[in-house]
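Heads up: the structure comes next, in structure tokens.
The values are calculated or read from the model by the stated rules, or taken from the named source; none is laboratory data. Just so you know, these numbers come straight off a predicted model, no measurement behind them. Glycine gets a Cβ as well: all are built from the backbone with ideal geometry, and neighbour counts include every protein chain shown. Heads up: the accessible areas ignore ligands, DNA and RNA and are worked out on the full protein's heavy atoms, side chains in. Shrake-Rupley method; radii C 1.70, N 1.55, O 1.52, S 1.80 Å.
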Amino acid sequence: MNKLKKTLLLILTVSLLSSCDFINNAFTYKDTTEGFVEALIEEDYEKSLTFMAIENEAFKNTNLDTLKLGLGNFQNVIVTNFGKELNYKFMTAEKTLSTVEGESTAPNTTFAQIEFSNDTDFGVFEIIFDDNSNKILHIKTLDLKEKIPNMTFFWLFGILAICVPVFNIWIIIRIKKSNLKKKWLKYIAVIFLNVPAITYSAVYGLSFSLLTFQILFGISFSYMGYLSSVWTFGIPLGGLYWLWKLNKKNNEETTKNEIIVE
């Protein structure tokens, strides 16, 4: 038992340290991308190369003059579409393991998305980072240029979405205080039976998914740049059903008591 505890503690410690290192690297990715693009905008291609992992095997047979020419073309795309004054925001960084060929992240690399914007529009960089140097192996822009959304509607929708878990928690408390049997089955119904799902994306607006369940009390939330700012809540069918059952039970008991009094 002690050996098992020590093994679990070691795994937990390694996992926490790895997570902290990954989070620290995630912030580095944004700074590296910003430095690379700002140098690119100023047409300082020598400086841009300092943010790239040109010592990596992937660049072994790459001619630097040809690479600089490609950077010039990339600079033209950015400046033509978004101008020279840009803001940057970290969106996500991930490693993917898959049994499907071509879908896994290459060894010792991390895939990241960094949002960039001017005063009116935004786009997204997709970047492969070298884990050894935290420098750029490959960078491209998504085929995307969207208007910066009005986030007021996004946060207002969030108020509506938050009402769902509040309602579900209230129902669970009522179930707990009731004299119903097998309460744990009722809890599961309230927590998991939240369907269909209504989604509000800051960029794409409202959408409706008929057979999508929202667990964790009926709500999910993402706030990683404009493109991934999303609220989703499920209609709390489980909670509504047990609200009806509890009210019906209370009414029956009230009626029964009134008859006894009479």
Quiz prompt | Gyration tensor verdict on the stretch 133-227 (Cα atoms; rounded if a/c is under 1.5, prolate if a/b is larger than b/c, oblate otherwise) | solution = prolate
Quiz prompt | E43 paired with D65, simple spin-label distance in nm, labels 7 Å along Cα-to-beta-carbon | solution = 1.9
Quiz item: For the stretch 51-177, what number of Lys pairs, 8 or more residues apart or on separate chains, have alpha-carbon atoms under 29 Å from each other?
Solution: 22
Quiz item: Is the stretch 56-112 best put as rounded, prolate or oblate by its Cα gyration tensor, with a ≥ b ≥ c the root eigenvalues, rounded for a/c under 1.5, and otherwise prolate when a/b is larger than b/c, oblate when not?
Solution: oblate
Quiz item: Exactly which trypsin sites (Lys or Arg not before Pro) in the stretch 73-131 are in a DSSP loop and have at most 14 other Cβ atoms within 10 Å?
Solution: K84, K95
Quiz item: Each label point is 7 Å from the Cα along the Cα-to-Cβ direction; what then is the distance between the points at L206 and T96, in nm?
Solution: 3.2
Quiz item: If each of K183 and I235 carries a label point 7 Å out from its Cα toward its Cβ, how far apart are those two points in nm?
Solution: 2.9
Quiz item: What figure in square angstrom, to the nearest 10, would you give for the accessible area of V79 with a 1.4 Å probe?
Solution: 40
Self-check item: the stretch 66-170 shape via C-alpha gyration tensor axes, a/c threshold 1.5
Solution: oblate
